[in-house]
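Before any comments, here is the structure.
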Amino acid sequence: MSETVHRVPDGFGARIGPRELAELNALADAQPDRFWLDQAKRLTWNKSPTEAGDWSFDEDTFGIRWFADGELNLSVNCLDRHLPAHGDRVALIFEADEPGQGRSMTYRELYEETCRFANLLKQRGVKRGDRVMIYMPMIPEAAAAMLACARIGAIHSVVFGGFSPESLAGRIDDCDACAVITADEGVRGSKYIPLKRNVDAALEEGDVPTVIVVKRTGADVPMKRGRDIFYSDWRDALATECEPEVMNAEDPLFILYTSGSTGKPKGVVHTTGGYAVWVATTFDWVFDYRSEDIFWCTADIGWVTGHSYVVYGPLLNRATSVMFDGVPNYPDFGRFWETVDRLGVTIFYTAPTAIRALEREGDDWVTRYSRRSLRLLGTVGEPINPDAWEWYYRVVGDSRCPVVDTWWQTETGGILISPFPGATDMKPGSATKPLPGIKPLLVDAQHNVLEGATSGNLCIASSWPGQMRTVWQDHGRFFETYFKAYPGLYFTGDGCRRDEDGYYWITGRVDDVINVSGHRIGSAEVESSLVSHRKVAEAAVVGYPHDIKGQAIYAYVTLNAGEEGDEDLRKELIQEVRHDIGAFSAPEKIHFTPALPKTRSGKIMRRILRKIAEGATDGFGDTSTLADPTVVDALLAGRQ
Ligand code: WT7
């Protein structure tokens, strides 16, 4: 196969070149403990760790700990330690939905805001170890709220503002949150998102004692006496100092819910020390961070990318980070590049789906802006097709800027496979090679570890500091989900090819997780929403390739006897999913069918459903185990 290889563009001049990278890899292999303890020195510890990783992926000794005797506070690491010499440096540039309507916050201002928030939480009785829900737009107060939790040792759980009240309620219930921080409304692409009203709906059953509301639009929102308070009513009276809690490295920092192949979303738990070391280190390595950079990661803080590379990674490195509360196509398709020019952005990190959507609108939206400030581009969240990569590199980056295609997951805390921009030759579509200390393996269904150029299921053989530690309140599920399929290994859920140069090409999920526009959706969740409709008997949901979204959702639905599948019912079902989960989970296609393809033991053969959704008319493989092989013809006849 002929592949394009792009060398590091001339003049990039990275701090870490091929020689330095080889040294990092050699040290990580030869003396892992020393290597990781060295990386831990990026942080300021109250008590420095003397041990690095202490972990086992085996069932009888299972457990993961890093820097376990270390003590620190993460808000101190993100803020206080930068103040003496760099308090006036801009920490966050808030870029609002309307271009130019944002504001900047210096490290000192963010510190004071964080302390105010922390003091307010304390006044409301929030203590170390308590869970606090954050359901907010991309405004600096959201970052301050996260850091405030870290300051007092509370565990934050951010929920993306696009999630429905039902989804929010499920998460509040699962982690038994004692406070919710929200805003009156969000504004995105000139549309208003009723965040406070969604919180009210979520709290109809199972109330919490405190809801703190930040005013974003000033909309009139109902306030429940005794429970709800406006942050602005309290802010000026709150002290701008707050003694930080000294945390153990293994104390939980946050819970972030993510979808898996089965059941309800899992509360992925990340702890303080290891997570912080990992995001601080990877931010520095992968983005070749320099003090003059303006870093813009377009992700929302409701996803892990926002946690690690809008908030914690940049702030731990004393960087200036853009918090974008808009969308790529508002007010027009030039928004990203207009903003890059206006703010002088040097590093830009976004999702392939956005790149593909913008590519389709034509080069002119890009080339009318100078983009001279840019020096590095990145992508994350889903495989990037080589064409889109080339467009990003050539048109957006003028062939001057390396592109780092970064593979990672909510579970990994930070980037695991990515080029070093100044050291790694790039192949469009490949996340290239593992970072130092990361040990990927490809395995087949029979548990054989595959060598050389091959394809298989992607596992990781040894722990790294940013690895998730448990599923909230369900340690058994943690082991079952990730360590049971391939004993002794962490299984990522992704399929992957490794080429003759040792480059990794992620091919996508091999489980029932669907990746729509970089958003991770569990097929079981969408199915359970569909079957909750009174006319629906059964549902099976699969992903199929989509030009812009990467994947879209194709739902097969069987109806109860006597019900008719028509356009109105399609609309109702889509509405049902939007209501239960959120708009981003809505099926693109709904296929009413008299039956689903099942084996004699009653298992749905998703392989066949995926093929039909992709548009295949034959090549379904072995269908002899189907209870009723004629189902396939019926399905083909009804394809959407
Ligand atoms: C899944 C994780 C990573 C933070 C955002 C998504 C897919 C992620 C890439 C990439 C190919 C990628 C994988 C992974 N994915 N990055 N560079 N190339 N696929 O986090 O929601 O936990 O989703 O996203 O399938 O397993 P997430």
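The values are calculated or read from the model by the stated rules, or taken from the named source; none is laboratory data. These numbers come from a predicted model, not from an experiment. Glycine gets a Cβ as well: all are built from the backbone with ideal geometry, and neighbour counts include every protein chain shown. Just so you know, the surface numbers come from the protein's heavy atoms only, side chains and all, with ligands and any DNA or RNA stripped out. Shrake-Rupley method; radii C 1.70, N 1.55, O 1.52, S 1.80 Å.
Given axes a ≥ b ≥ c from the Cα gyration tensor, I'd like to know whether the range 448-537 is rounded (a/c under 1.5), prolate (a/b larger than b/c) or oblate.
oblate
Name every cysteine in the chain that ends up alone, with no second cysteine's Cβ under 4.7 Å, or say none.
Cys78, Cys149, Cys175, Cys178, Cys297, Cys401, Cys459, Cys496
Roughly what percent of Cα-Cα pairs across the range 435-498 reach past 16 Å?
47
When the Cα centres of the range 355-395 and the range 256-277 are compared, how far apart do they sit, in Å?
Their Cα centres are 30 Å away from one another.
Using the crude model of +1 on Lys and Arg Cβ and -1 on Asp and Glu Cβ, and no other charge, please compute the dipole size for the range 104-234 relative to its Cα centre, in debye to 20.
In debye, rounded to 20, the range 104-234 gives about 360.
Whole number in Å², please: accessible area per residue of the range 67-119, 1.4 Å probe, ligands, DNA and RNA not counted.
Accessible area per residue, the range 67-119: 32 Å².
Apply the Kirkwood formula to the range 486-599: the hydrodynamic radius equals the inverse of the mean of 1/r over all pairs of different alpha-carbon atoms; give it in Å with one decimal.
15.5
What whole-number value in Å² describes the accessible area per residue of the range 378-438 for a 1.4 Å probe?
For the range 378-438, the per-residue accessible area is 20 Å².
Report the extension gain between Glu614 and Val449 in nm, rounded to one decimal, defined as 0.36 nm multiplied by the number of residues separating them, less their alpha carbon distance.
Stretched out fully, the Glu614 to Val449 stretch lengthens by 56.4 nm.
To two decimal places, what compactness ratio does the range 202-332 give when its Cα radius of gyration is scaled by 2.2 N^0.38 Å?
Expressed relative to 2.2 N^0.38 Å, the Cα Rg reads 1.31.
Give me the net charge of Thr454's neighbourhood, meaning all other residues with Cβ under 14 Å from the Cβ of Thr454; Lys, Arg count +1, Asp, Glu -1.
Computed value for this residue: -3.
Would you mind checking Lys215/Lys264; Lys484/Lys535; Lys264/Lys603 for any pair whose Cα atoms are more than 26 angstrom apart?
Table pairs above 26 Å Cα-Cα are Lys215/Lys264; Lys484/Lys535.
Around Gln123, with a cut-off of 13 angstrom between Cβ atoms, what is the net charge of the other residues, counting Lys and Arg +1 and Asp and Glu -1?
Within the 13 Å Cβ shell, the charges total +4.
Of all alpha-carbon pairs in the range 388-485, indicate the percentage at a distance above 19 angstrom.
For the range 388-485, the fraction of Cα-Cα distances above 19 Å is 55 percent.
From the square roots a ≥ b ≥ c of the eigenvalues of the alpha-carbon gyration tensor of the range 1-157, which class results: rounded (a/c under 1.5), prolate (a/b over b/c), or oblate?
oblate
For the range 27-118, build the convex hull from the C-alpha positions and give me its volume per residue in Å³.
197
Find how many whole Å separate the alpha carbon centroid of the range 188-214 from the alpha carbon centroid of the range 66-80.
About 32 Å separates the Cα centre of the range 66-80 from the one of the range 188-214.
Rolling a 1.4 angstrom probe over the protein heavy atoms, how many square angstrom per residue are accessible across the range 465-542?
34
Of all the C-alpha pairs in the range 408-460, what % are more than 14 Å from each other?
60
Taking 8 Å as the Cα distance limit and 6 or more residues as the minimum spacing, I'd like the relative contact order of the range 51-206 as a percentage.
Once divided by the residue count of the range 51-206, the mean separation gives 18 percent.
Net charge around Gly621, counting only other residues with Cβ within less than 9 Å of its Cβ (Lys, Arg = +1; Asp, Glu = -1)?
Every neighbour counted, the sum reads +1.
Which three extents, in whole angstrom, do the alpha-carbon atoms of the chain cover along their principal axes, largest first?
So the three principal-axis extents are 74, 63, 60 Å.
Using alpha-carbon positions, what is the distance between the centroids of the range 592-619 and the range 431-470, in Å?
The distance from the Cα centre of the range 592-619 to that of the range 431-470 comes to 31 Å.
Cα to Cα, under 23 Å, and not fewer than 8 places away if on the same chain: which lysines meet these conditions relative to Lys549?
Lys191, Lys427, Lys571, Lys589, Lys611
Give me the distance in nm between label points sitting 7 Å out from Cα along the Cα-to-Cβ direction at Thr367 and Thr61, one decimal.
For Thr367 paired with Thr61, the spin-label model returns 6.1 nm.
Could you work out the helix-only [θ] at 222 nm for the chain, with each DSSP H run of four or more residues adding -39,500 (n - 2.57) and the total divided by the number of residues, to the nearest 500 deg cm²/dmol?
When only DSSP H runs of four or more count, the value is -8000 deg cm²/dmol.
How big is the charge dipole of the chain about its Cα centre, in debye rounded to the nearest 20, if each Lys and Arg gets +1 on its Cβ and each Asp and Glu gets -1 on its Cβ?
That gives the chain a dipole magnitude of about 580 debye.
Probe 1.4 Å, all protein chains in place: accessible area of His270 in Å², nearest 10?
Roughly 0 Å² of His270 is accessible to a 1.4 Å probe.
Please find the FRET efficiency linking Ala201 to Phe479, where r is the Cβ-Cβ separation and R0 is fixed at 41 Å, and quote it to the nearest 0.05.
0.70
First measure r as the distance between the Cβ atoms of Thr240 and Val5, then evaluate 1/(1 + (r/R0)^6) with R0 = 45 Å and state the FRET efficiency to the nearest 0.05.
0.30
When the accessible area of the chain is computed with all protein chains present and a 1.4 Å probe, what percentage of it is carbon and sulfur?
47
List the GluC sites (Glu not before Pro) within the range 498-604 that DSSP assigns to loop and that have no more than 16 neighbouring Cβ atoms inside 10 Å.
Here the GluC sites (Glu not before Pro) that fit, given the DSSP loop and packing criteria, are Glu500, Glu563, Glu564.
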